[in-house]
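Structure record follows, encoded as structure tokens.
The values are calculated or read from the model by the stated rules, or taken from the named source; none is laboratory data. Keep in mind the model is a prediction, meaning the values are calculated, not measured. Cβ atoms come from the backbone with ideal geometry, glycine included; neighbour counts cover every protein chain shown.
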Amino acid sequence: MLELVFDSSEFTEWENKAKIALPIALQLTTTQLKEKLPEVLSEVFYGIMRDADFPEIYIEHVMLCLPRVKPMILTTSTDIIANINLDVLGTWDDLALGYHRGAIMESIKGQTAAGSHHSGHISDFKITLPYAGQALLNGLEKREAFWRAVFTGEGYEAGSGTSRVTIDTEGMYEETLKDRVRVWGNKAPEWLILQWGSTKDGTPPVVKPQLLKETLNAAFQDTCSIAFAENTEYAMETLPAAAGPGQYTRNGATLNLINNSAQNIYGRFTTIRY
């Protein structure tokens, strides 16, 4: 769970009428943020994916799934808190469902041992998605060499001696990404690649860690600061000299000042203390 906190107590000094304006500005900002934060999420994700040269099919998939994330916004006497559960988009277990497409399973060894007569085809021993944790025949070095060929679309030399063959990899990269997206469905665990990076050794496509959470926090702070400053100015200009009954509307958010309390149409927000 990603928790973002905007602390209004550090924003400015509160004296006299400003003490009354504080809860009004906070609640106006909170109401506006409930509509604005999904837009902020969308802008941050899209910008980061473009900057990272993320595959187009991943960008489309993430943007399609992003509305699944429903930020929870709370207000204290001084803070606006947004809880964002990015795991709704997918976890490491979800990401693993897209691993090792086309890799040869270790179980083929028992079928090719001396004296065995296997009537099947090597394709019977290739991993199909979703990956279910099967043991693999080839080690990491061979698999990465093959993946480089898949990424570039170049032929891959496999086997040795008279059994040496060239595997045509053209189009395999695009097919792999399509198959992953199909398996992931309405989840988008690709966000983990953005946050943590794709590989440590430079295996393509390289996606450097994008500090997704940190960028979201910076955008959240900017959005809150701008809205809070505007709402504070508005509240200061419209509040009476002494706290009395009145209604305050700004950018679609309506508050009532009744019996020294800030209220909206859903009920009381917080008692104004001064």
* Which ones in the range 79-91 are under 13 Å from the mean Cα position of the chain (by Cα) and of a type in the set (A, V, I, L, M, F, W, C)? -> I84, L86, V88, L89
* Asked: Which of the residues spanning the range 45-65 are crowded, with 19+ Cβ neighbours inside 10 Å and either among the charged types (D, E, K, R) or closer than 26 Å to F6 by Cα (or both)?
  -> F45, I48, M49
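One residue is enough: does the range 215-232 have a residue meeting the conditions over 30 Å from the mean Cα position of the chain (by Cα) and at pLDDT below 90?
Step one: list which residues in the range 215-232 are over 30 Å from the mean Cα position of the chain (by Cα), which gives 232.
Next, from what is left, pick out any that are at pLDDT below 90: 232.
Checked the range 215-232: at least one residue is over 30 Å from the mean Cα position of the chain (by Cα) and at pLDDT below 90.
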* Asked: Can you name every residue in the range 210-239 that is of a type in the set (G, A, S) and exposed (fewer than 15 other Cβ atoms within 10 Å of the Cβ)?
  -> A218, S225, A229
* Answer yes if at least one residue in the range 154-168 is within 29 Å of F45 (Cα to Cα) and at pLDDT 90 or above, and no otherwise. => no
* Asked: If a residue has to be closer than 15 Å to M172 by Cα and at pLDDT below 55 to count, how many in the range 114-128 make the cut?
  -> 0
* **Test: G133 is under 19 Å from P55 (Cα atoms) and modelled with pLDDT of 90 or more** => no
* **Residue, surrounded by the most Cβ atoms within 10 Å (Cβ to Cβ), within the range 144-197, restricted to residues that are aliphatic (A, V, I, L, M) and not in a helix (DSSP H, G or I)** => A188
* How many of the residues making up the range 135-174 are touching a residue at least 12 places away in the same chain (Cβ under 8 Å), among the aliphatic types (A, V, I, L, M) and under 22 Å from P205 (Cβ atoms)? -> 5
* The lone exception for V206 - which of (1) surrounded by 14 or more Cβ atoms within 10 Å (Cβ to Cβ); (2) not in a helix (DSSP H, G or I) it fails -> (1)
* **Matching option when the condition is in contact with a Lys or Arg (Cβ under 8 Å, 6 or more places away or on another chain) and modelled with pLDDT of 65 or more, among P209, P204** => P204
